[in-house]
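Just so it is clear, none of the values below were taken in a lab; they were calculated from the coordinates. Just so we're clear, the structure is a prediction, and the values are computed from it rather than from any experiment. All Cβ positions, even for glycine, are placed from backbone atoms using ideal geometry, and neighbour counts span all protein chains on display.
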Amino acid sequence: MTKKQFLDEIAAFFCENGFLRMKDHFYKDLSGDAMLVFGFQQSSYGKYGYMEYGYCFKSINRHLPFPRFNQMNLNCGRLMTDRGSAIEYTTIDERFIRTFEQTLSDKIHEMQALSQLNRETFIQYYLLKESGRSWYILGDKTAAYFGLTRQDFMYHFTVSD
């Protein structure tokens with residue numbers, strides 16, 4: 001399978017779940033200020049890539065309407081599958097697509113539920129429960145959005161572009 005075939009295959013799933021596709025990214029505008037973003041990142045080292053995911057906060061994101069995975073206010077990292085985070089095109093079969101879509105579905109439901117929480121509770125989930133994972137916020141505006149500073153995010157902060 002090629003990258004294009006893989007993205008075309010999962011595009012139907014995203015569409016059925018209320019997402020809009022823009023090239024290799026998928027967007028779902030939630031009620032309120034949050035938007036879910038899933039973006040496929042091609043590896044520079046072979047025929048594989050990664051599905052990055054996170055949140056865009058519409059009131060502070062300057063890359064609207066279609067921010068890329070590295071322009072999300074809160075990048076949650078790479079989606080972990082039963083085969084790891086790397087998605088190798090040559091190994092994709094129907095079983096992988098089914099389990100990948102289930103993993104996506106579970107992650108989407110979790111993200112939607114988190115987005116319904118107040119800002120303090122929402123970010124505490126990442127600061128406490130997900131503290132050891134590879135996630136980050138983008139810039140001081142995102143820290144201020146949660147009523148915090150860049151120091152509060154320690155190793156989960158990157159400067160905005």
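For the range 59-130, what percent of Cα pairs sit more than 17 Å apart? Can you show the working numbers first?
Working: 1502 of 2556 pairs.
Taking all Cα-Cα pairs of the range 59-130, the fraction more than 17 Å apart is 59 percent.
How high is the relative contact order of the range 1-59, given as a whole-number percent (alpha carbon pairs under 8 Å, six or more residues apart)?
Numbers: 75 pairs, mean separation 13.7, N = 59.
After rounding, I find 23 percent.
Could you give the length gained by full extension between Ala86 and Tyr155, i.e. 0.36 nm per residue of separation minus their alpha carbon distance, to one decimal place?
Numbers: separation 69, 0.36 × 69 = 24.84 nm, distance 2.31 nm.
Net length gain for the segment: 22.5 nm.
Calculate how steeply helix 94-115 sits against the longest principal axis of the alpha-carbon atoms of the chain, using the helix alpha-carbon long axis, and give the answer as 0 to 90 degrees to the nearest 10.
10 degrees
Let me make sure I get this right: for the range 1-58, a, b and c are the square roots of the gyration tensor eigenvalues over alpha carbons, sorted descending. Under 1.5 in a/c it's rounded, otherwise prolate if a/b > b/c, else oblate. Which is it?
On the way: a/c = 3.65, a/b = 1.66, b/c = 2.19.
Oblate, since a/c reaches 1.5 and b/c is not below a/b.
When the chain is fully extended, how far beyond the present Cα-Cα distance does Asn70 get from Arg95, taking 0.36 nm per residue of separation? Write down the numbers at each step before the final one.
On the way: separation 25, 0.36 × 25 = 9.00 nm, distance 2.94 nm.
Length gained, Asn70 through Arg95: 6.1 nm.
Pick out, from Gln102, Gln124, Tyr53, the residue whose Cα sits farthest towards the positive end of the charge dipole of the range 8-138, with +1 on the Cβ of Lys and Arg and -1 on the Cβ of Asp and Glu.
Farthest towards the positive pole: Gln124.
Label points 7 Å out from Cα along the Cβ direction at Ser105 and Arg21: separation in nm?
In this crude spin-label approximation the distance works out to 1.9 nm.
How large is the direction-averaged shadow of the alpha-carbon convex hull of the chain, in nm²?
It is 9.2 nm².
Can you tell me the dipole magnitude for the chain around its Cα centre, using point charges on the Cβ only (Lys, Arg +1; Asp, Glu -1), in Debye to the nearest 20? Before the final figure, lay out the partial values.
Numbers: 19 positive and 19 negative charges, 65 e Å.
The calculated dipole for the chain is roughly 320 debye.
For the range 90-161, what relative contact order do you get, as a whole percent, if you take Cα pairs closer than 8 Å and at least 6 residues apart? Don't skip to the end; give the middle numbers.
Working: 35 pairs, mean separation 17.4, N = 72.
Relative contact order for the range 90-161 comes out at 24 percent.
Calculate, in nm to one decimal, what Asp33 and Lys4 gain on full extension: separation in residues at 0.36 nm each, minus their alpha carbon distance. Before the final figure, lay out the partial values.
Details: separation 29, 0.36 × 29 = 10.44 nm, distance 3.10 nm.
My answer for the length gained is 7.3 nm.
Can you tell which of Ser44, Leu114, Thr2 lies farthest toward the positive end of the dipole of the chain, using +1 and -1 charges on the Cβ of basic and acidic side chains (Lys, Arg; Asp, Glu)?
Of Ser44, Leu114, Thr2, it is Ser44.
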